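Asker: One structure, pasted below without further comment.
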Amino acid sequence: MVYTVKKLSELSGVTVRTLHYYEEEGLLKPAYYGSNGYRYYEEKELLRLQQILFFKELGFTIKQIKKVVGRDDFDQLSALYSHRKSLNQEWEKIGRLLETLDKTIKHLKGKKKMKDQEIFDGFSISLLKKARVGSSYSAAEEIVSKSVRNPTKNIKDVEKRGKEHYQALVNKAHSIFQELVHCIEKGVEPASPEVQSIIQKHHAFTDEVQNATREVYKAMAQLYREHPEFRKQLDPFHPKLADFMSEGMVVFADRELE
């Protein structure tokens, strides 16, 4: 079966814009172009997109995925076996997360009080836990984790003020991300006054919860650029947002912060 870019987007859930970006990066090219200029994809391209999505789920960056799947010796079947092994290793983590969810539900319903140290059980990154030893960003994780202003109080404040307050915080963050995406699409540079004014809002938002000094903000920029869990917050908005925002944060930190 043959798919247009629109049909492939509907089938896979990947936006047309992202499919175009994958093509620009040399990750996923159409099987051929029609006389009408449309892109057409066949089974080979569908399986290639599946590989890309598997790697993204496992926390690889676009640059890393391109390096792996672009190798001359890349073996799709071997990669699938490797994905299966990695996903099996995730089951234990998922089990812990489900247990944490159940405990949190009971806690919020007043059935059984949850211990503070249980709130973050199962998460692959937590601002209250030590950095993972050996990771390229472990030092950045430790810096950020130590910058949180009274974490237990922050959590309780969100619980006390309820879902609407939490959603307002999410909406505020998403609004900042959307503004940055608009700048990416206009071709504005991260160091430009327009982008830096948006980054200033992000820094102020961050500083409400963390002591966002130059060191902390630059460490957070590194996490947005390199850490899979941080990138997952930004990738749905735009494939280039994590790197773009990280660069803007570093510029702001060097110019404005002590």
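The values are calculated or read from the model by the stated rules, or taken from the named source; none is laboratory data. Quick caveat, the model's predicted, so the values are computed rather than measured. Cβ: placed from backbone, ideal geometry, glycine included. Neighbour counts: every protein chain shown. Accessible surface is based on the protein model in full, side chains and every heavy atom, while ligands, DNA and RNA are left aside. Shrake-Rupley method; radii C 1.70, N 1.55, O 1.52, S 1.80 Å.
Asker: Once the Cβ-Cβ distance between LEU257 and SER78 is put in as r, and R0 is 41 Å, what FRET efficiency do you end up with, to the nearest 0.05? Walk me through the numbers on the way to the answer.
Answerer: Values: r = 46 Å, r/R0 = 1.13.
That pair, LEU257 with SER78, gives E of 0.35.
Asker: Send over a whole-number figure in Å² for the accessible area per residue of the stretch 1-79, probe 1.4 Å. Before the final figure, lay out each step's value.
Answerer: Working: 5010 Å² over 79 residues.
I get 63 Å² per residue for the stretch 1-79.
Asker: Moving on to the next point. With the calculation restricted to Cα positions, what are the radius of gyration and Dmax of the stretch 1-42 in angstrom?
Answerer: For the stretch 1-42, the Cα-based Rg and Dmax read 9.5, 26 Å.
Asker: A further question on this structure: Excluding residues on the same chain fewer than 8 positions from LYS113, give the aspartates and glutamates whose Cα lies under 17 Å from its Cα.
Answerer: Output for LYS113: GLU99, ASP102, ASP121, ASP157, GLU159.
Asker: Separation of the stretch 25-65 and the stretch 177-233 by C-alpha centroid, Å?
Answerer: So the separation of the two Cα centres works out to 28 Å.
Asker: On to the next question. Looking at this model, which pairs from LYS6/LYS56; LYS112/LYS201; LYS6/LYS172; LYS44/LYS172; LYS29/LYS186 are more than 29 angstrom apart at the alpha-carbon?
Answerer: On the way: LYS6/LYS56 21 Å; LYS112/LYS201 38 Å; LYS6/LYS172 31 Å; LYS44/LYS172 41 Å; LYS29/LYS186 24 Å.
The pairs that break the limit, which is 29 Å between Cα atoms, are LYS112/LYS201; LYS6/LYS172; LYS44/LYS172.
Asker: Something else: Whole number please: convex hull volume per residue of the Cα set in the stretch 176-258, in Å³?
Answerer: Values: hull volume 6.5 nm³, N = 83.
Residue-normalised Cα hull volume stands at 78 Å³.
Asker: Hey, can you rank 194-207, 167-180 by average C-beta count inside 10 Å, highest first? The partial results should precede the final answer.
Answerer: Working: 194-207: 17.4, 167-180: 14.1.
Result, highest mean Cβ count within 10 Å first: 194-207, 167-180.
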